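Below is one structure, written out as structure tokens; comments come after it.
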Amino acid sequence: MSTTRRTFLARCASGIAATTVAYQTGTAIASKNDRPVFGLIGAGWQPETKRQGRGIAIGTQAASLADIPVICELDSVAADFANQKICGGKAAMVDDYRRVLDTPSIDAVLIATPDHWHAKIAIEAMRAGKDVYCEKPVAVTIQEGQWLRAVAQETGRVFQVGTQQRTEYDQRFLKAIAMVRDGRVGNLRRIHIGLGPGWKGGPFATATPPKTLDWERWLGPAPLTDYIPQRTHRTFRWWFEYAGGQLCDWGAHHVDIAQWAIGQEHGGPISVGGTATMNQPLRGGRPTRSDMYNTPIEFSVTCNFAGGIEMLIDSTRNGITFEGDRGRFFVNRGTLEGIPVNALKDQPLDDDAMTKLYRGRQPTSHMRDFVDCLKTRDVPISDIATHHRVLTTCHLANLALRLGRTVQWDAESERVVSDEEANGLMSREYRSGYEIDSV
């Protein structure tokens, strides 16, 4: 290690330590008491649009419950903004997440990087003895989800996924699940999930990376490529190299609620197939151009589950419609509506309907549930095992669209049946120096 690099790391470590002491002695935002100490990895502010990223959102949520003495971010503009917004400018700033993991005083990490970094950071955090709150989707491949589940089991760390529909939005999604399970639509046969369309874009011009962004390390595990502004910040999600488009972004929320409602939170579909409009032609399921978005724009995917239940996922109005032989109702973040919902006025759900879904606990905020589980070591409401199963359905939808054919899924072995080309898309290669240690 060079002297310059060694000096830099030493300064980072001393900065974190000094700031942590300040929190613990009450000279910063709050006194230590029994508050956990979090490190925020990924702030995500978009200076060109003035939009706040998920890192700032979850950091703000956590700041009322925990101390955040350090923020790790590769974009210095985003880092400075997050520090002021969340920590009043008092956090230590680092650009290497390993400095956070190497700090003994950090109890847990909040991960809000682009999706392609989630699995590597989360796995290393758990093995470093840190609990994890990770934004969804936690993995860009099915294999990464399997690895995350295995390491969580191996280490016993608390792992909360940022699928807030399991807790928040006036608990209307919990009520929807309880209604389905209570037979309020009769025999459920069909679920329609609308996600809205993906983005269309390209060809884009390459550019010189801004001096405020470490582009090579931003790419991390992904292939090395020329800088294109549309590959970063919010629009990273429209590239398979870094994310999974609308099917993994909004799908991670709505498919989650649907599978929970039908008791498939530990299972999966039997078959998945559909059609889509793509930004560019694919070959063997892989992009053929590097200057255009490559995830689906308009799409319609049918997932068949045991018991004859059909789940249709498409790019129409955002929300979920549950349909049975006795009625139907619609739910999204703004409404819960339909005749079965109206009937709740005279025939309410049982008083314990919500706590049963919450494994006997009282529903609370998403971050509060995480913090409570740090103390009790209980499984949080958005655990990695069930999220992996839900995200697998989303990945299978993308996989079927990329290959242009229906795939048959064996949820027990977690393999596509008799289709090795499809199974090949369940994993990805990692750039040298950014590999994930085998599980």
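The values are calculated or read from the model by the stated rules, or taken from the named source; none is laboratory data. Note that the structure is predicted; figures quoted are calculated from it, not measured. Note that we place each Cβ from the backbone using ideal geometry, even for glycine, and neighbour counts take in every protein chain shown. Please note that ligands, DNA and RNA were not included when accessible areas were found on the heavy atoms of the full protein model with its side chains. Shrake-Rupley method; radii C 1.70, N 1.55, O 1.52, S 1.80 Å.
Taking segment 243-269, which residues are outside any helix (DSSP H, G or I) and among the small types (Gly, Ala, Ser)? Break it down into steps so the answer makes sense when it comes.
Step one: filter segment 243-269 for residues outside any helix (DSSP H, G or I), giving 243-244, 250, 262-269.
Residues satisfying the conditions are 243, 244, 263, 267, 268.
What pairs come up if the first residue lies in segment 74-91 and is open to solvent by 30 Å² or more (accessible area, probe 1.4 Å), the second is not in a helix (DSSP H, G or I), and their beta carbons are under 6 Å apart, counting only those six or more places apart or on different chains?
Pairs that qualify, where the first residue is open to solvent by 30 Å² or more (accessible area, probe 1.4 Å) and the partner is not in a helix (DSSP H, G or I), are 74/95; 74/214; 76/212; 77/47; 77/212; 81/45; 90/28.
Among the residues of segment 275-303 satisfying the criterion of being touching a Phe, Trp or Tyr at 6+ places or on another chain (Cβ under 8 Å) and in a loop (DSSP other than H, G, I, E, B), which is nearest to residue 400 (Cα to Cα)?
295
Suppose the filter is open to solvent by 50 Å² or more (accessible area, probe 1.4 Å), touching a residue at least 12 places away in the same chain (Cβ under 8 Å) and touching a strand residue (DSSP E or B) at 6+ places or on another chain (Cβ under 9 Å); does residue 107 pass it? Quick ask: steps written out before the conclusion?
Numbers: open to solvent by 50 Å² or more (accessible area, probe 1.4 Å): yes; touching a residue at least 12 places away in the same chain (Cβ under 8 Å): yes; touching a strand residue (DSSP E or B) at 6+ places or on another chain (Cβ under 9 Å): yes.
Here the answer is yes, as residue 107 does meet what is asked.
Is there a residue being without any contact (Cβ under 8 Å) to a residue 40 or more places away in the chain and on the phi < 0 side of the Ramachandran plot anywhere in segment 295-303?
Scanning segment 295-303, I find at least one residue that is without any contact (Cβ under 8 Å) to a residue 40 or more places away in the chain and on the phi < 0 side of the Ramachandran plot, so the answer is yes.
Do any residues in segment 56-67 that are closer than 13 Å to residue 42 by Cβ have Cβ atoms under 7 Å from those of residues that are in a helix (DSSP H, G or I) and among the charged types (D, E, K, R), where the two are at least six apart or on different chains, and which pairs are they?
56/85
Can you name the residue in segment 116-147 that is of a type outside the set (Gly, Ala, Ser), open to solvent by less than 10 Å² (accessible area, probe 1.4 Å) and part of a helix (DSSP H, G or I) and, of all such residues, is nearest to residue 402 (Cα to Cα)?
In this case the residue turns out to be 142.
Considering segment 72-114 alone, what residues qualify as being within 22 Å of the chain's Cα centre (by Cα), under 16 Å from residue 212 (Cα atoms) and not in a loop (DSSP other than H, G, I, E, B)?
The answer is 72, 75, 78, 79, 82.
So residue 347 ticks every box in (1) closer than 15 Å to residue 258 by Cα; (2) open to solvent by 50 Å² or more (accessible area, probe 1.4 Å); (3) assigned to a loop (DSSP other than H, G, I, E, B); (4) not aromatic (Phe, Trp, Tyr) but one. Which box is left unticked?
(1)
Are there any pairs with C-beta distances below 8 angstrom linking a residue in segment 304-330 that is more than 17 Å from residue 407 (Cα to Cα) and free of Cβ contacts under 8 Å to residues at least 12 places away in the same chain to a residue that is open to solvent by 20 Å² or more (accessible area, probe 1.4 Å) and of a type in the set (Gly, Ala, Ser), with the two at least 6 apart or on different chains, and if so which?
330/338
Kindly indicate whether residue 272 is part of a helix (DSSP H, G or I), in contact with a strand residue (DSSP E or B) (Cβ under 9 Å, 6 or more places away or on another chain) and either at pLDDT 95 or above or not aliphatic (A, V, I, L, M) (or both).
So residue 272 fails the test.
Here are some residues: 370, 329. Which one is in a helix (DSSP H, G or I), crowded, with 18+ Cβ neighbours inside 10 Å and among the hydrophobic types (A, V, I, L, M, F, W, C)?
370
Condition check: open to solvent by less than 20 Å² (accessible area, probe 1.4 Å) and within 22 Å of residue 368 (Cα to Cα). Does residue 151 satisfy that?
no
If I go through segment 179-190 residue by residue, how many of them are under 17 Å from residue 386 (Cβ atoms) and touching a Lys or Arg at 6+ places or on another chain (Cβ under 9 Å)?
1
Which number in (1) surrounded by 23 or more Cβ atoms within 10 Å (Cβ to Cβ); (2) assigned to a helix (DSSP H, G or I); (3) in contact with a Phe, Trp or Tyr (Cβ under 6 Å, 6 or more places away or on another chain) marks the one condition that residue 341 misses?
(1)
For the subset of segment 205-223 comprising residues that are more than 19 Å from residue 121 (Cα to Cα) and touching a helix residue (DSSP H, G or I) at 6+ places or on another chain (Cβ under 7 Å), which member is surrounded by the fewest Cβ atoms within 10 Å (Cβ to Cβ)?
Filtering first and then ranking leaves 207.
Consider residue 424 against the criteria (1) open to solvent by 50 Å² or more (accessible area, probe 1.4 Å); (2) modelled with pLDDT of 95 or more: it satisfies all of them except one. Which criterion is unmet?
Every condition holds for residue 424 apart from (1).
Taking residue 188, is it buried (at least 19 other Cβ atoms within 10 Å of the Cβ) and at pLDDT 95 or above?
Answer is yes for this residue.
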